[in-house]
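S.K.: Take a look at the following structure, please.
The values are calculated or read from the model by the stated rules, or taken from the named source; none is laboratory data. Quantities reported herein were computed from a predicted structural model and do not represent experimental measurements. Using ideal geometry, Cβ is built from the backbone for each residue, glycine included, and neighbour counts are taken over all protein chains shown.
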Amino acid sequence: MRNSIRLLVFFVSLIAVNSVLAVDIDRLMESGNDFYEQGQFADAIREYEKILDTDMASTALYYNLGSAYFNEKIYGRAILNFEKAQQLSPRDPDVLHNLEFTKLFLKDRFDLPEPMPFVGWFMDLRKSLSVRELRWLEMLFFSLFVIGIVLYRLFRERSYTSVLLPATIGLGFMLLLTGGWLVDRSISMDEKHAVLLTREANVSSAPIPGSSTLFVIHEGTTAKILDATDTWYEIKLMDGKTGWIINEAVGIF
């Protein structure tokens, strides 16, 4: 009996703590939004960052934080948060607009050749759905595929099986396609990218202090991470240049 009471008290305490935490997060978000609307962007950033410290994240939080940093002209952190918002909501028009608009204020520009129309469309399509959405689609197509098989086996003597069989095969194809898309999207999400948060930084030839400088990048420049040590990242820029940068200078998404 005593153990049951202790267990009940434990669960009640846990629910109470979670309720307080939820209220605090809502209060911080509301406070941050109030500061933002009043043009007090530094105070808004402080409130939003407190939410991130609780490991709570959402598209709205990253978007608001990115917008506050943009208004403070801290473009590196603005891009970092817009990129994180895009990972959660890849088709959100406000996130996409603000991300591209912020890049107009960067010092480093990469004039790359336009991809062929089909290649550009395919690359955009690959990123158009989040991992969560693809998992939901995979579950949906799997369920429909199983239902289709069951219905075909139950009613295969009926005339409408001539429609049911091709539909089930089509669902199986969509299941395979979605599964492959999910694997590809999951792999791409595992790839890490860096955003320079300092005004500028040297990119070195080796992960060693005092190694020769290959080139200099400026705040907000993004790059793919190829390798890492305890204190350095090997990065690859959009134009193909590679080198090593101290990890304290960048944010990761």
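S.K.: For segment 68-87, state whether one or more residues are assigned to a loop (DSSP other than H, G, I, E, B) and polar (S, T, N, Q).
M.R.: No - not one qualifying residue is present in segment 68-87.
S.K.: Look at L140 and say whether it is closer than 30 Å to M189 by Cβ, surrounded by 13 or more Cβ atoms within 10 Å (Cβ to Cβ) and free of Cβ contacts under 8 Å to residues at least 12 places away in the same chain.
M.R.: Judged against the criteria, L140 is a match.
S.K.: What are the pairs, 6+ residues apart or on separate chains, where a residue within segment 152-180 that is farther than 18 Å from L137 by Cβ and part of a helix (DSSP H, G or I) has its Cβ under 9 Å from a residue that is among the hydrophobic types (A, V, I, L, M, F, W, C) and at pLDDT 85 or above?
M.R.: Partner pairs satisfying both residue conditions: Y152/L164; Y152/L165; T161/L151; L164/L151.
S.K.: Given the conditions (1) of a type in the set (K, R); (2) touching a strand residue (DSSP E or B) at 6+ places or on another chain (Cβ under 9 Å); (3) surrounded by 15 or more Cβ atoms within 10 Å (Cβ to Cβ), report the number of the one that R185 does not fulfil.
M.R.: (2)
S.K.: Quickly run through segment 124-164 and pick out the residues that are within 30 Å of T59 (Cα to Cα) and either modelled with pLDDT under 75 or touching a helix residue (DSSP H, G or I) at 6+ places or on another chain (Cβ under 8 Å) (or both).
M.R.: R126, K127, L129, S130, V131, L134, R135, L137, E138, F141, F142 - these are the residues of segment 124-164 that are within 30 Å of T59 (Cα to Cα) and either modelled with pLDDT under 75 or touching a helix residue (DSSP H, G or I) at 6+ places or on another chain (Cβ under 8 Å) (or both).
S.K.: Note down all Cβ pairs under 7 Å where the first residue falls in segment 71-100 and is touching a residue at least 60 places away in the same chain (Cβ under 8 Å) and within 20 Å of R126 (Cβ to Cβ), the second is aromatic (F, W, Y) and outside any helix (DSSP H, G or I), and they're at least six residues apart or on different chains.
M.R.: E83/F253; K84/F253; Q87/F253
S.K.: Within segment 197-253, how many residues are of a type in the set (S, T, N, Q), out of contact with any Phe, Trp or Tyr (no Cβ under 9 Å at 6 or more places or on another chain), in contact (Cβ under 8 Å) with a residue 60 or more places away in the chain and part of a strand (DSSP E or B)?
M.R.: Summing the residues that are of a type in the set (S, T, N, Q), out of contact with any Phe, Trp or Tyr (no Cβ under 9 Å at 6 or more places or on another chain), in contact (Cβ under 8 Å) with a residue 60 or more places away in the chain and part of a strand (DSSP E or B) in segment 197-253 gives 0.
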